[in-house]
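The values are calculated or read from the model by the stated rules, or taken from the named source; none is laboratory data. It should be emphasised that the depicted structure is a prediction, and the values quoted were computed from it without experimental measurement. Don't worry about glycine lacking a Cβ; one is built from the backbone with ideal geometry, like all the others, and counts go over all protein chains shown.
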């Protein structure tokens, strides 16, 4: 069952309608030249890209994930440029009033095989090197979770969501 922000509220399930932090995964079957705004042209290698963000505005995680699932006519932020070329397929989310995006970007970048292919991507409002991390193979969510919890003891629960143009679900497909 796919979910939209409106559907969530109607079912009194506010888990995803509240704010939190997310990692959204994209797969690139071939190398891609991407020009995200003022960052200039960069070559993304074939493989997987993880974009780390947070959603504390109206609609919370549900609204933000729904935005990433559809192709935007207006290129508002760096990730919208990637969304024009590739569809997200999976998200790792944490509903907690703490914006973990900077920590998560660092934890991901410290994992085996990680690279930050576009300096400044997604981090124009902070001092992080980038919020986009590339991998040849997607790391296991449990490995990421362990590293995050090892570095920060007071962490929140995480969920894995499967994305499509219709929205998201806790079930694949």
Residues being surrounded by fewer than 14 Cβ atoms within 10 Å (Cβ to Cβ) and over 21 Å from residue 97 (Cα atoms) - total across segment 39-74
8
May I ask you to verify whether residue 9 is in a helix (DSSP H, G or I), modelled with pLDDT under 90 and farther than 21 Å from residue 145 by Cβ?
yes
Matching entry among 84, 116, 74, 112 (being over 16 Å from the mean Cα position of the chain (by Cα) and within 23 Å of residue 136 (Cα to Cα))
112
Residues located in segment 145-173, provided they are assigned to a helix (DSSP H, G or I) and within 30 Å of residue 40 (Cα to Cα):
none
